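Worksheet: one structure, shown below.
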Amino acid sequence: MKMKFKEYFLLTKTTTKSCLKIISIIFGVIFAVFTLVMKIKDPLSLKDMGQIETLIARFVFIYGITIWIFICAIMSGYHNANKIIKLYDSILIDIKENFYLKLQPKRLNIKYNFLGFEILGLYQNKVIGINILEGKVCLILNLAFENQTNIVKLQGELYKRHKKSGININGYGLVKKIKKKEWNNISVSIIEKYIKEMENIAKIEKYTGF
């Protein structure tokens with residue numbers, strides 16, 4: 001069920017206020033610097049157009065950019081939230097029950113991040129996740145990485161050794177990308193098969209936290 005924009009907006013009041021405040025401060029400083037630079041560079045411009053009109057024009061232009069950035073940020077958050085909600089709603093009940101899948105808000109700082117959702121579940125005491133990336137559904141086997149772990153390096157190594165599996169790694173764990181056409185017909189047994197493939201790779205590579 002799609003979340004209405006009004007619902008999303010009400011749930012993100014804290015983020016909205018914080019975002020507007022931060023953007024306003026940043027562009028307020030830019031406006032002040034821009035006005036000062038233009039006055040030094042072209043002192044006659046104020047006389048040609050009028051001081052008040054010039055300041056208003058600059059303010060409207062710069063603050064217009066501020067509002068545009070804010071709208072882009074909140075609409076992006078709203079769009080991404082609805083993508084995950086739609087994905088969760090499309091999952092068959094037996095898959096949800098077998099893997100204890102739940103839709104829940106992401107644990108983000110509400111002052112700086114707009115509301116997002118994630119799909120999490122369990123398979124034999126292992127945390128799994130389902131997401132969308134580059135138009136494909138991603139099945140994720142969560143791993144615990146040490147702070148100094150170089151994910152980019154691991155991606156290169158994994159690609160070389162397990163290219164045929166179609167499994168890679170990101171900051172959350174091992175990832176199996178599934179085309180939407182395949183996902184629409186996926187079953188519990190196929191998901192289990194992919195998870196076991198990822199478990200085997202994790203054991204072979206001796207990843208920390210597995």
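The values are calculated or read from the model by the stated rules, or taken from the named source; none is laboratory data. Predicted model, so just to flag it, every value in this text is computed and none were measured. Because the Cβ atoms are built from the backbone with ideal geometry, glycine has one as well, and the counts that use them run over all protein chains shown.
Which residues, taken from segment 172-210, are hydroxyl-bearing (Ser, Thr, Tyr) and under 26 Å from the mean Cα position of the chain (by Cα)?
Across segment 172-210, the qualifying residues are TYR172, TYR194, TYR207, THR208.
Among all residue pairs at least 6 apart or on different chains, which show Cβ distances below 7 Å where the first residue, located in segment 133-161, is hydrophobic (A, V, I, L, M, F, W, C) and the second is at pLDDT below 80?
Cβ pairs passing all conditions: LEU143/TYR207; LEU143/GLY209; LEU143/PHE210; ALA144/THR208; ALA144/GLY209; PHE145/THR208; PHE145/GLY209.
Determine whether LEU174 is outside any strand (DSSP E or B), on the phi < 0 side of the Ramachandran plot and not assigned by TED's automatic domain parsing to the domain that holds ASN82.
no
Based on this model, can you work out whether LEU143 counts as closer than 18 Å to LYS196 by Cα and touching a helix residue (DSSP H, G or I) at 6+ places or on another chain (Cβ under 7 Å)?
Criteria met by LEU143.
Do you know which residues across segment 143-176 are within 21 Å of ILE130 (Cβ to Cβ) and of a type in the set (D, E, K, R)?
Scanning segment 143-176 gives a single hit, LYS176.
Of everything in segment 140-171, what is under 21 Å from the mean Cα position of the chain (by Cα), assigned to a loop (DSSP other than H, G, I, E, B) and at pLDDT 85 or above? Give them in sequence order.
Within segment 140-171, LEU143, ASN170 qualify.
Take LYS96 and tell me if it is in a helix (DSSP H, G or I) and modelled with pLDDT of 95 or more.
For LYS96, the condition - in a helix (DSSP H, G or I) and modelled with pLDDT of 95 or more - is met.
With respect to PHE59, is the statement that it is at pLDDT 70 or above and surrounded by 14 or more Cβ atoms within 10 Å (Cβ to Cβ) true?
yes
Per-residue answers, yes or no, for (1) β-branched (Val, Ile, Thr); (2) surrounded by fewer than 17 Cβ atoms within 10 Å (Cβ to Cβ); (3) in contact with a Cys (Cβ under 7 Å, 6 or more places away or on another chain):
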{"residue": "ASP94", "(1), (2), (3)": "no, yes, no"}
{"residue": "LEU101", "(1), (2), (3)": "no, no, no"}
{"residue": "ASN113", "(1), (2), (3)": "no, yes, no"}
{"residue": "VAL127", "(1), (2), (3)": "yes, yes, no"}
{"residue": "ASN131", "(1), (2), (3)": "no, no, yes"}
{"residue": "GLY135", "(1), (2), (3)": "no, yes, no"}
{"residue": "LEU139", "(1), (2), (3)": "no, no, no"}
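Checking ALA81 against (1) at pLDDT below 85; (2) farther than 19 Å from PHE27 by Cβ; (3) buried (at least 16 other Cβ atoms within 10 Å of the Cβ); (4) not hydroxyl-bearing (Ser, Thr, Tyr), which test does it fail?
Every listed condition holds for ALA81 apart from (1).
Suppose we keep only residues that are in contact (Cβ under 8 Å) with a residue 24 or more places away in the chain and hydrophobic (A, V, I, L, M, F, W, C) within segment 170-191. Which one would you say is surrounded by the fewest Cβ atoms within 10 Å (Cβ to Cβ)?
Ranking the candidates gives VAL188 first.
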